[in-house]
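Data first, discussion second: the structure below is written as structure tokens.
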Amino acid sequence: MTKHSGSCLCGKVVFEITGDFESFYLCHCSRCRKDTGSAHASNLFSMSATLNWHTGAEAVKIFTLPETRHSRSFCITCGSALPSVQMSGKLLVVPAGSLDTDIEIKPSFHISMADKAQWDDELEKTPMLTGLPS
Ligand SMILES: [Zn+2]
Ligand SMILES: [Zn+2]
């Protein structure tokens, strides 16, 4: 059984995922852009994997946008995105950036591209640096 571990930025919350991910979507919708503060959310999905909080379960808060199914789980101290169990326990959603272990799966699709940020265009053509700008 595949195991993955992850944590939040401040280190208060540490979790473990047991099982495999079935899909990996990069969602560019306006809700995911607000939620992450970035061009897109990067979420892994599984209908079979299980989530266990090692430490800091009490520091995990879930916000669900009223009248939508959009929700985000985060650490109340540092605000980092964390996994959540959605659809009455049927679906595990894991922000890829919250993991500390490598994953085999590659992103399946960029989704909600019709709603992407105006500056999110051919980002692969933006010059790349291995470190910080000098
Ligand atoms: Zn934290
Ligand atoms: Zn989205």
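The values are calculated or read from the model by the stated rules, or taken from the named source; none is laboratory data. Since this is a predicted model, take the numbers as computed values, not measurements. Backbone-built Cβ (ideal geometry, glycine too); neighbour counts: all protein chains shown. When the accessible area is computed, the model is the full protein with side chains, heavy atoms only, and any ligands, DNA or RNA have been set aside. Shrake-Rupley method; radii C 1.70, N 1.55, O 1.52, S 1.80 Å.
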Inset, instruction - Among G11, A41, S108, pick out the residue whose Cα is farthest towards the positive end of the charge dipole of region 3-116, where Lys and Arg carry +1 and Asp and Glu carry -1 on C-beta, about the Cα centre. - result: A41
Legend entry - Local electrostatic count at H110 - Lys and Arg +1, Asp and Glu -1, tallied over other residues with Cβ under 15 Å: -2
Inset, instruction - Please report, to one decimal in angstroms, the Kirkwood hydrodynamic radius of region 1-84 built from all distinct Cα-Cα pairs. - result: 13.6
Legend entry - Rough spin-label spacing in nm, given labels placed 7 Å along Cα→Cβ, for S88 and D100: 3.5
Inset, instruction - Using a 1.4 angstrom probe on heavy atoms only, work out the carbon and sulfur share of the accessible area of the chain in %. - result: 55
Inset, instruction - May I ask for the net charge around G19, where only other residues with Cβ less than 14 Å from the Cβ of G19 are counted and Lys, Arg are +1 while Asp, Glu are -1? - result: -2
Legend entry - Greater than 29 Å apart at Cα, pairs in K3/K116; K12/K125; K90/K125; K34/K106: K3/K116; K12/K125; K90/K125
Legend entry - Computed helical MRE - 222 nm, the chain, DSSP H runs ≥ 4 contributing -39500 (n - 2.57), nearest 500: -1500 deg cm²/dmol
Legend entry - Accessible area (Å², per residue) of the chain, counting only protein heavy atoms and a probe of 1.4 Å: 64
